[in-house]
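Here, each number is a calculation from the coordinates, and none is a lab measurement. These numbers come from a predicted model, not from an experiment. Here Cβ is always computed from backbone atoms with ideal geometry, including for glycine, and neighbour counts include all displayed protein chains.
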Amino acid sequence: MKFIADFHLHSKFSRATSPRMNLENLDKWGRIKGIKLLGTGDFTHPVWLKELKEKLEPAESGLFKIKNNNKETRFILSAEISCIYSKKGRVRKIHTVILAPSFEIVEKINSRLEFIGNLKADGRPILGLDAKELAKIVLDASEKCLIIPAHVMTPWFSLFGSKSGFDSIEECFEEYTKYIYALETGLSADPSMLWRTPEGQRLTLISNSDAHSPEKIGREANVFDIELSYPAIFEAIKSKDKQKFLYTIEFFPQEGKYHFDGHRTCQVRLSPSETKKYNNICPNCGKPLTVGVLNRIEDISVKPEGFKPDNVIPFKSLVPLKEIVAESLEMTVASKKAEQEYNNLVEKLGSELKILLDISRDEIEKVAGPEIAEGISRVRDGKVFIEPGYDGVYGTVKIFSQQEPKTLSKQTTLF
């Protein structure tokens with residue numbers, strides 16, 4: 001069975017997260033986006049866990065569905081944990097995604113973690129716990145749990161982050177490295193960048209939205225062709241089997257908010273070569289720059305740019321449909337007309353990801369006109385213009401040069 005999965009997102013109990021991040025809205029937006037399987041997020045939070053137990057019932061092995069709901073959305077128990085601790089003379093800040101196959105196993109994990117930190121304070125708890133010790137606690141609960149270093153290149157909170165990470169997975173997880181089967185690329189990196197590193201060549205690379213609002217789910221995701229069950233997902237990720245794990249869906253990594261180096265306060269955005277010229281110091285204020293993902297990849301890579309190892313899971317880079325609609329119609333994403341056209345497309349052609357990935361250009365043009373059809377076609381071909389993100393500022397993606405959408409309309413009318 002072919003389906004799309006987004007394992008990493010957050011509930012309404014996480015900091016800076018929409019109050020609409022509940023099961024009902026996740027189910028609704030999962031169907032709009034075309035995502036069959038969603039992470040629950042935040043299983044460490046006691047109130048959210050109580051809600052999950054009350055509202056979910058078992059479906060396929062290790063997966064769940066909303067009670068008394070005939071919709072097809074499935075849920076997998078997931079959480080993200082922030083470990084902040086000192087190791088080898090430096091403060092480390094590592095975020096890790098955990099997937100678990102049952103509520104019983106989740107309860108075992110939580111019973112250990114609640115002695116270490118306050119699980120009620122945040123849906124993504126901050127614990128003074130070595131990431132290696134977190135792996136031990138999770139694996140003691142069950143070796144069927146998946147431990148996945150989150151958004152591994154993000155400067156501040158990741159395994160390879162320039163500010164508080166490590167140079168190798170072994171430095172972080174030590175003897176538990178053999179139980180780490182996958183890495184999450186994050187929005188500011190894509191698989192082609194991580195293929196240059198030893199871990200990116202060896203491990204399975206997955207992609208998730210890390211969504212804090214329902215509309216953001218599926219902006220990055222994973223496409224499988226397997227039985228719909230926790231054991232099948234576990235095996236597909238562990239084995240790195242391209243027949244089972246078809247591809248990942250990615251942001252264009254330049255759009256991520258830590259792709260380039262820079263200093264947000266001074267609005268300074270720099271490429272790695274420019275950063276080197278300034279010795280990692282902001283040319284405006286003299287403070288240290290935030291070193292981004294592209295620069296950090298150079299530090300830890302062992303292969304040149306463009307290297308592609310054998311037996312890797314492929315990927316496709318997309319732009320969210322509403323952004324394509326808005327630019328094609330020369331209006332903002334928040335505009336009422338962009339919203340109406342987005343809803344029209346989904347109603348008549350199917351889910352967002354089906355439209356972006358599968359529906360023919362001719363079918364799209366019949367429903368939405370030449371501008372939107374051309375926009376989607378260009379994104380599929382990677383023909384976009386991007387100003388890279390830096391120091392917490394998202395990059396901007398442009399599909400058309402100025403006046404192009406109007407030109408397309410005139411050409412079509414004339415024809």
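Exceedance of the 26 Å cut-off in Cα-Cα distance is limited, within the set 2/398; 12/238; 36/240, to 2/398; 12/238. The alpha-carbon atoms of the chain, seen along their principal axes, cover 70, 61, 41 angstrom, with the largest extent given first. Database remark: amide H of residue 270 closer than 5 angstrom to the amide H of 261, 262 (H placed geometrically; neighbours at sequence offset of 5 or more, or on other chains; Pro and chain starts carry no H).
Converting phi to 3J(HN,Hα) with the Karplus coefficients 6.51, -1.76 and 1.60 and the offset θ = phi - 60°, region 256-267 yields x, 7, 9, 6, 8, 7, x, 9, 4, 4, 9, 6 Hz in sequence order, with x at every glycine or proline.
Considering every Cα-Cα pair within region 1-68, what fraction, in whole percent, is farther apart than 17 Å? Value for region 1-68 (Cα pairs over 17 Å): 41 percent. Our note on the geometry: Cα centres of region 183-210 and region 16-59, 25 Å apart.
Computed on the chain, with alpha-carbon pairs under 8 angstrom and 6+ residues apart, the relative contact order is 15 percent. In the chain, taking the dipole from charged Cβ atoms about the Cα centre, the farthest positive-side position among 100, 47, 302 is held by 47.
Pairs exceeding a 32 Å alpha-carbon distance, out of 144/383; 33/287; 65/348; 65/303: 144/383; 33/287; 65/303. Scanning residues 5 or more positions from residue 74 or on other chains, those with amide H under 5 Å from its amide H are 37, 38, with H placed 1.01 Å from N in the peptide plane. Toward the positive end of the charge dipole of region 2-255, with +1 on the Cβ of Lys and Arg and -1 on the Cβ of Asp and Glu, the farthest Cα among 18, 230, 247 is that of 18. The 3J(HN,Hα) values that the Karplus relation (6.51, -1.76, 1.60; θ = phi - 60°) gives for region 220-232 are, in residue order, 10, 6, 10, 10, 10, 10, 8, 4, 7, 6, 4, x, 5 Hz. Gly and Pro appear as x. If the segment from residue 1 to residue 57 were pulled out straight at 0.36 nm per residue, it would be longer than the present Cα-Cα gap by 18.0 nm.
Relative protection proxy for 132-139, 175-182, from highest mean packing down: 132-139, 175-182 (other beta-carbon atoms within 10 angstrom). Between residue 285 and residue 387, the FRET efficiency estimated from the beta carbon spacing at R0 = 30 angstrom works out to 0.90. P(r) tail for region 297-381: Cα pairs beyond 17 Å make up 52% of the total. Just report the Cα centroid separation between region 303-368 and region 64-79, whole Å. Each part's Cα centre sits 26 Å from the other's. Applied to region 39-44, the Karplus parametrisation 6.51 cos²θ - 1.76 cosθ + 1.60 on θ = phi - 60° returns per-residue 3J(HN,Hα) values of x, 6, x, 6, 5, 6 Hz, with x for Gly and Pro. Between 185, 155, 321, the Cα set farthest toward the positive side of the dipole of the chain (charges on each charged residue's Cβ, about the Cα centre) is that of 155. About the centre of its Cα atoms, region 22-106 shows a dipole size close to 480 debye [charges on the beta carbon of Lys, Arg (+1) and Asp, Glu (-1) only; nearest 20 debye]. Distant-in-sequence amide contacts of residue 14, defined by a placed amide H-H separation under 5 Å and a gap of 5 or more residues or a different chain, comprise 123.
Shown here for region 28-108: trypsin sites (Lys or Arg not before Pro) in loop regions (DSSP other than H, G, I, E, B) with at most 12 other Cβ atoms within 10 Å, namely 67, 71, 88. Considering helices alone, the calculated mean residue ellipticity of the chain at 222 nm is -9500 deg cm²/dmol, with DSSP H runs of length four and up weighted by -39500 (n - 2.57) and normalised per residue. Taking the Cα centre of the chain as origin and assigning +1 to Lys and Arg Cβ atoms and -1 to Asp and Glu Cβ atoms, the resulting dipole is close to 520 debye.
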